[in-house]
2 protein chains.
Amino acid sequence: MKIKEVSERYEISSDTLRYYERIGLIPPVNRNRSGIRDYDETDLKRVEFIKCMRTAGLPLETLIEYMGLVQQGDQTIEARKRILKEQRRRLAVRMQELQQTLDILDHKIEGYENAILNKEKELREGIETKELL
Amino acid sequence: MKIKEVSERYEISSDTLRYYERIGLIPPVNRNRSGIRDYDETDLKRVEFIKCMRTAGLPLETLIEYMGLVQQGDQTIEARKRILKEQRRRLAVRMQELQQTLDILDHKIEGYENAILNKEKELREGIETKELL
DNA sequence: TCTTGACCTGGAGTTGACTCCAGGTTGTAC
DNA sequence: GTACAACCTGGAGTCAACTCCAGGTCAAGA
């Protein structure tokens, strides 16, 4: 599969795919006789995995380390597991943070939903409701 | 409250706090006679809000726009609500993405938990279990 | 009085992750 | 056989969001 198709399938630009290869995140992709990249199933799996992890915000550095360990074979399984567990932990924390922010946003949006009502009340009763940040 | 204390309370560096002021995210903070920033309650609320939204990944540009609207008073309530709703929507999408990645990580970790067992099986039965990415 | 530490400013530098470019080759369609 | 699109490389440029720095002010303690 040529780079453009991979690029479209995973919504990663060709430039980025080549970049990932340059920095050693993905091992060199096979080429056809004229030197054009031809991604095989293994390459695609790697790209998909990286896409997924990048979407979740894992840094390239960590992924490079991880992919390097995969290349080194079975004796790195423990190390890989450690990396994944650590990233899992971070991700869980991250999700809690997002959830908190989501709650606050909901609360604020609700506040705005009531804002017009409150303004009427203000006028009627001559009080001032507090500033909505 | 002086900048250092604010910085510690919200885990935002003093440089970043000043930076936020420079780019117009936070309106100018009051100074004491010698020109040193003295954050009041309103300032702290703004900082807290920004901290929370930045943690969730909202871009500075959006926050600047939003904070600008807050400064302009009640006639911008609709616009503000629209911004918050849009960000809420994005955040929900983001969380789904993270959840997906979390599931995949769990799956992979489980795969690694079994990896040693599988290796024994390989030896016993002379088969090869597929590569663990 | 002198030192120390926190603060100030405007501007420059850094980081992570791309993204773009010039200059060149190749395979296919007309 | 020539135009065209898609590919290649190495290197430079961009972007968001900080982060650091030089050079200077100021208040409080030894």
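The values are calculated or read from the model by the stated rules, or taken from the named source; none is laboratory data. It should be emphasised that the depicted structure is a prediction, and the values quoted were computed from it without experimental measurement. As a convention, Cβ positions derive from the backbone with ideal geometry for all residues, glycine included, and neighbour counts pool all protein chains shown. All accessible areas refer to the heavy atoms of the entire protein, side chains included, with ligands and DNA or RNA removed. Shrake-Rupley method; radii C 1.70, N 1.55, O 1.52, S 1.80 Å.
At 1.4 Å probe size, what's the solvent-accessible area of A:Leu69? Round to the nearest 10 Å².
For A:Leu69, the solvent-accessible surface is approximately 30 Å².
From the phi angles alone, apply the Karplus equation (6.51, -1.76, 1.60; θ = phi - 60°) to the range B:50-64 and give each ³J(HN,Hα) in whole Hz, x where the residue is Gly or Pro.
Result, ordered by residue: 5, 3, 4, 5, 5, 4, 7, x, 5, x, 4, 3, 5, 5, 4 Hz.
Exceeding 25 Å between C-alpha atoms, which entries from my cross-link table qualify? They are B:Lys51/B:Lys85; A:Lys51/A:Lys81; A:Lys119/B:Lys85; B:Lys85/B:Lys108; B:Lys2/B:Lys51.
B:Lys85/B:Lys108
GluC sites (Glu not before Pro) within the range A:1-86: which are DSSP loop residues with at most 11 other Cβ atoms inside 10 Å? Display every interim value, and only then the final one.
Numbers: sites: A:Glu5, A:Glu8, A:Glu11, A:Glu21, A:Glu41, A:Glu48, A:Glu61, A:Glu65, A:Glu78, A:Glu86; in loops: A:Glu11.
Passing both the DSSP loop test and the Cβ count: A:Glu11.
Where does the Debye-calculated log10 I(q)/I(0) of the protein assembly as shown sit at q = 0.07, 0.09, 0.12 Å⁻¹, using only Cα point scatterers of equal weight, no solvent?
Rounded to two decimals, the profile gives -0.41, -0.63, -0.91.
Roughly how large is the B-A contact in terms of buried accessible area, totalled over both chains, probe 1.4 Å, nearest 100 Å²? Let's see the in-between values first.
Numbers: alone 10380 and 10340 Å², together 16610 Å².
Its buried surface, counting both partners, is about 4100 Å².
Across the range A:6-19, in residue order, what do the Karplus-derived ³J(HN,Hα) couplings come to in whole Hz, using 6.51 cos²θ - 1.76 cosθ + 1.60 with θ = phi - 60° and x for Gly and Pro?
4, 3, 6, 4, 9, 6, 10, 5, 4, 4, 5, 4, 5, 4
Heavy atoms of the protein only, probe of 1.4 Å, neighbouring chains included. What is the accessible area of B:Thr62 in Å², nearest 10?
Approximately 20 Å² of B:Thr62 is accessible to the 1.4 Å probe.
Alpha carbon centre of the range B:87-114 versus the range B:34-51: separation in Å?
Using only Cα atoms, the two centres lie 36 Å from each other.
Let me know the mean shielding of B:96-107 by other chains, meaning the per-residue number of their Cβ atoms within 10 Å of its Cβ.
Rounded to a whole number, the mean comes out at 5.
Over the Cα atoms of the range B:51-114, how large are the radius of gyration and the largest Cα-Cα distance (Dmax), in Å?
Just the Cα atoms of the range B:51-114 yield Rg and Dmax of 17.6, 61 Å.
In nm to one decimal, list the spacings between the B:Lys2 label point and its equivalents in the other copies, with label points set 7 Å along Cα to Cβ, shortest first.
B:Lys2 label point versus its equivalents elsewhere: 6.5 nm.
With a Förster radius of 35 Å, plug the Cβ-Cβ distance of B:Glu11 and A:Lys51 into 1/(1 + (r/R0)^6) and report the FRET value to the nearest 0.05.
After rounding to 0.05, the efficiency reads 0.70.
What percentage of all Cα-Cα pairs in the range B:3-71 are separated by more than 14 Å?
It works out to 58 percent of all Cα pairs.
Ignoring the sites themselves, what is the longest stretch of chain A with no trypsin sites (Lys or Arg not before Pro) in a DSSP loop and at most 15 other beta-carbon atoms within 10 Å?
On the way: sites that count: A:Lys2, A:Arg33, A:Lys130.
Maximal segment without exposed cleavage sites: A:34-129.
List, shortest first and in nm to one decimal, how far the label point of B:Asp40 (7 Å from Cα along Cα→Cβ) is from its counterparts in the other copies.
Between copies, matching label points for B:Asp40 lie 7.0 nm apart.
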